[in-house]
Amino acid sequence: MTMADRVDGVLRAGEAPNLHGLVVSRQGQVVLERYGEGADYRLGDSLGRIRFDAGTLHDIRSISKSVVALLYGIALKDGLVPEPGEGLVRQFPEYPDLVADPARAHLTIEHALTMTLGLEWDESVPYTSVANSELAMEAAPDRYRYVLERPIVEEAGKRWSYCGGATALIGGIIAKGAGEPLAEFARAALFEPLGIGAFEWTAGDDGVAMAAAGLRLRPRDLAAIGTLVLDGGRDIVPGAWLDEVLRPRVPIADDRWYGYQWYIEPQGVLGAHGNGGQLLAVIPSRDMVVAMTAGDYDDFTRSSTAAVFDALIAAPA
């Protein structure tokens with residue numbers, strides 16, 4: 001049974017009711033594409049019921065984090081940002097009290113890239129309440145200060161703890177170094193070289209792009225980013241940086257590891273995930289990239305994406 005047969009069987013059976021988009025590419029060519037219909041949102045704002053097609057932008061939510069990691073490598077190549085081993089807090093001299101705090105002097109940019117900051121942070125509650133640290137960051141007068149002044153709860157570098165604030169700091173460092181907003185740097189440094197013309201990067205009330213979750217792309221363009229990773233960066237992202245990004249650094253659970261804002265999954269799958277079932281999976285063993293968008297927002301049980309992905313993996317290589 002082919003990939004298309006398996007995926008269509010899942011869709012006919014109603015096992016992926018909230019699938020919005022699917023693009024599978026091999027050797028840089030789209031080999032399977034499907035679109036659905038359903039309620040959609042731009043973060044918390046309802047967009048109504050959408051009939052999706054190849055031209056429809058979609059929230060990729062926390063896949064934005066993985067894109068930011070690629071952007072950091074481009075900025076590093078251009079000498080715009082420091083090496084990951086450099087101090088984190090000193091990149092924000094506008095907070096002299098935090099820079100002078102000896103308890104924070106050990107924090108590095110790498111701790112942010114690996115989400116091992118050791119700061120108090122909780123995204124386990126729904127993304128509709130300021131009890132969620134990411135929402136609290138967005139509601140704060142200053143997002144960067146909010147993250148950097150969180151209480152220290154454990155030694156940095158020891159344990160992975162999911163933290164959108166870490167990505168916000170990385171995005172801020174890129175914007176500072178580039179001298180332009182994160183979205184504009186992304187346009188010139190990554191999207192235009194890949195032929196990606198249409199995108200949006202939702203900003204917070206302060207006008208700053210929400211680095212952790214605000215990017216909106218078409219599934220085809222999400223797949224193009226995955227193909228770039230599969231191809232070793234193609235001199236857009238330095239290959240040496242990709243090696244660092246995709247090196248297993250911090251264990252998570254169930255044989256999953258975290259690199260620099262990317263997941264290293266079982267069986268060699270390189271993954272980027274977002275709330276609602278957003279997925280970018282790079283599968284080197286099959287020379288395959290899978291990009292999916294879905295509408296299972298704030299539902300962390302089995303997603304429509306998972307059902308379709310299982311069908312794809314079950315198909316002959």
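The values are calculated or read from the model by the stated rules, or taken from the named source; none is laboratory data. In this text, all values refer to a predicted model and were calculated from it rather than measured experimentally. Cβ atoms come from the backbone with ideal geometry, glycine included; neighbour counts cover every protein chain shown.
Is at least one residue of region 164-184 buried (at least 21 other Cβ atoms within 10 Å of the Cβ) and not in a helix (DSSP H, G or I)?
No - not one qualifying residue is present in region 164-184.
In region 6-74, which strands (runs of 3 or more DSSP E) lie fully inside it and hold 3 or more residues that are surrounded by fewer than 19 Cβ atoms within 10 Å (Cβ to Cβ)?
Correct list: 29-35, 37-42, 45-51.
Which of the residues spanning region 251-264 are touching a residue at least 12 places away in the same chain (Cβ under 8 Å) and either part of a loop (DSSP other than H, G, I, E, B) or crowded, with 18+ Cβ neighbours inside 10 Å (or both)?
Ile252, Asp254, Tyr258, Gly259, Tyr260, Gln261, Trp262, Ile264
Just give me the residues in region 215-225 being under 20 Å from Gly171 (Cα atoms) and surrounded by fewer than 24 Cβ atoms within 10 Å (Cβ to Cβ), in sequence order.
If the condition is that a residue be under 20 Å from Gly171 (Cα atoms) and surrounded by fewer than 24 Cβ atoms within 10 Å (Cβ to Cβ), then Arg216 is the only one that fits.
Among the numbered criteria (1) in the same structural domain as Ile264 (by TED's automatic domain parsing); (2) free of Cβ contacts under 8 Å to residues at least 40 places away in the same chain, which single criterion is violated by Glu154?
Every listed condition holds for Glu154 apart from (1).
Looking at region 88-117 only, could you name the residues that are surrounded by 19 or more Cβ atoms within 10 Å (Cβ to Cβ) and of a type in the set (Gly, Ala, Ser)?
Matches in region 88-117: Ala112 only.
Taking region 246-264 on its own, how many of its residues are of a type in the set (Val, Ile, Thr) and farther than 13 Å from Arg159 by Cα?
So the count comes out to 1.
What single numbered condition from (1) touching a Gly at 6+ places or on another chain (Cβ under 9 Å); (2) in contact (Cβ under 8 Å) with a residue 40 or more places away in the chain; (3) of a type in the set (D, E, K, R) fails to hold for Asp221?
So the condition that Asp221 fails would be (2).
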